[in-house]
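Written below as structure tokens is the structure these notes are about.
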Amino acid sequence: MVSIPSELIESLRHAKHVVATTGAGVSAESGVPTFRDAQTGLWAKYEPTELAAPRAFHKDPKLVWEWYQWRRDKVLSVHPNPGHYALVELGSRWPKFDLITQNVDGLHQQAGSQNVIELHGSIMTARCFDRGHQSEFWPESSEQCPPVCEICASLMRPNVVWFNESLPKRAIDEAMRASRECDVFFSIGTSSIVYPAAALATNALESGAVVIEINPNETPLTSMATYSIVGPSGIVLPELLAKLAGEFR
Ligand code: BJW
């Protein structure tokens with residue numbers, strides 16, 4: 001049983017616009033390793049932050065492609081967890097609800113969340129490195145690894161945002177606006193160290209929103225947040241939902 005302050009439930013009861021931002025921790029209970037814990041087996045000797053970067057792809061495109069292929073296979077073998085499903089339910093409780101994710105695994109959508117704002121793209125699709133030609137499907141590896149673009153023959157890469165790359169303009173603009181306009185802002189399962197995503201919570205705080213962090217571990221946001229609920233999102237979110245349902249009845 002997680003301790004959820006009654007004042008927090010009161011804030012949620014009066015909110016008109018709620019924003020939830022999620023990070024890799026929300027998928028941990030589905031069996032997807034978090035970004036910074038992603039390395040096991042053959043990949044244990046690599047730093048994820050070194051692989052998720054254009055310079056890594058320039059240096060060794062095959063290595064980076066195979067890393068994503070491995071992570072993508074993992075994602076395809078798992079299912080959404082109670083935290084993802086609780087967010088679907090929570091999404092229908094307020095006049096306005098925005099779900100913003102840094103995750104590339106598509107598990108929120110698989111659970112049934114709609115209009116998810118994906119800040120860091122998706123591991124389900126690919127585009128070419130040179131000209132950004134989109135491929136609707138993940139090109140299966142053939143003799144050529146990475147596969148090449150059918151239009152311009154440049155190397156394909158996952159349709160994600162690497163370090164030092166710009167986030168999709170529409171997604172980050174919408175996320176920034178939502179963070180400044182909401183009454184309540186959740187930061188769930190993220191280490192809050194990657195920008196500009198990490199700035200969303202501080203925007204919300206500066207705009208006067210109630211900021212609630214859900215994470216089993218401390219992050220740079222913890223001491224600033226209005227409420228910090230220590231625990232796994234797959235437990236905390238369903239409990240929060242149950243408590244809210246009780247209050248609303
Ligand atoms: C649980 C749990 C459970 C466990 N329940 N919780 C300002 C200041 C400083 C630096 C910068 C800045 N602005 C920009 C930068 C540079 C850089 C950056 O932020 N660097 C920092 C590392 C210092 N940012 C960028 O480069 C961004 N681009 C940009 O700003 O463009 C403009 C620009 C261009 C050129 C030059 C300069 C600026 C792009 C960032 C893209 C990030 N992409 C990645 C990879 C995506 C593809 C992939 O997955 O491979 O996105 S990196 C990685 O980090 C991934 C994640 O989405 C992101 C965040 O990680 P997340 O989700 O928080 O995961 P973890 O593993 O870190 O944490 C998991 C958390 O879960 C932990 O807290 C656990 O405790 C918790 N947890 N179990 C709940 N059951």
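The distance linking region 77-135 with region 167-196 is 14 Å (Cα centroid to Cα centroid, whole angstrom). Structural size metrics of region 1-120, computed from C-alpha coordinates, are Rg and Dmax of 17.2, 53 Å. The residue list ALA53, GLY246, THR34 was ranked by how far each Cα lies along the charge dipole of the chain toward its positive end, using unit charges on Cβ atoms, and ALA53 comes out on top.
Averaging the sequence gap over all C-alpha pairs within less than 8 Å and six or more residues apart, then dividing by the number of residues, gives region 7-75 a relative contact order of 17 percent. Gain on full extension, evaluated as 0.36 nm per residue between HIS79 and GLU47 minus their Cα-Cα distance, stands at 8.9 nm.
Taken over the chain, the alpha-carbon convex hull comes to 125 cubic angstrom per residue. Cα-based values for region 189-249, radius of gyration first and Dmax second, are 12.7, 39 Å. Counting protein heavy atoms only, the chain has 51 percent of its accessible area on carbon and sulfur, 1.4 angstrom probe. The length gained by stretching the chain between SER92 and GLU10 to full extension, at 0.36 nm per residue less their Cα-Cα distance, is 27.8 nm. Label-to-label distance for GLU136 and SER154 is 2.3 nm, based on points extended 7 Å past Cα in the beta-carbon direction. Excluding same-chain neighbours fewer than eight residues apart, the lysines reachable from LYS243 by a Cα-Cα span under 21 Å are LYS16, LYS96.
Look at the alpha carbon pairs under 8 Å that are at least 6 residues apart: their mean separation over the length of the chain gives a relative contact order of 25 percent.
Note that region 156-249 presents 46 Å² accessible area per residue, ligands and nucleic acids not counted, probe 1.4 Å. Among the chymotrypsin sites (Phe, Trp or Tyr not before Pro) found in region 97-146, those both in a DSSP coil and sparsely packed, with 13 or fewer other Cβ atoms within 10 Å of their Cβ, are PHE137.
Can you tell me which aspartates and glutamates have their Cα less than 18 Å from the Cα of LYS45? Leave out same-chain residues fewer than eight positions away. Straight-distance partners of LYS45: ASP37, ASP60, GLU66. Considering only ALA201, ALA52, ALA20, the Gaussian network model of the chain with Cα springs below 10 Å gives its largest mean-square fluctuation to ALA52. A Gaussian network model of the chain, with springs between Cα atoms under 10 Å, assigns the largest mean-square fluctuation among HIS120, HIS84, HIS133 to HIS133. Working from label points 7 Å from Cα in the Cα-to-Cβ sense, the LYS59 to ILE193 distance is 1.9 nm. Overall, the chain carries a charge dipole of about 220 debye about its Cα centre when +1 sits on the Cβ of Lys and Arg and -1 on the Cβ of Asp and Glu, all other atoms neutral.
The values are calculated or read from the model by the stated rules, or taken from the named source; none is laboratory data. Just so it is clear, the model here is predicted, and its values are computed rather than measured. All Cβ positions, glycine included, derive from the backbone under ideal geometry; neighbour counts span all protein chains shown. What goes into the accessible areas is simple: the full protein's heavy atoms, side chains included, and nothing from ligands, DNA or RNA. Shrake-Rupley method; radii C 1.70, N 1.55, O 1.52, S 1.80 Å.
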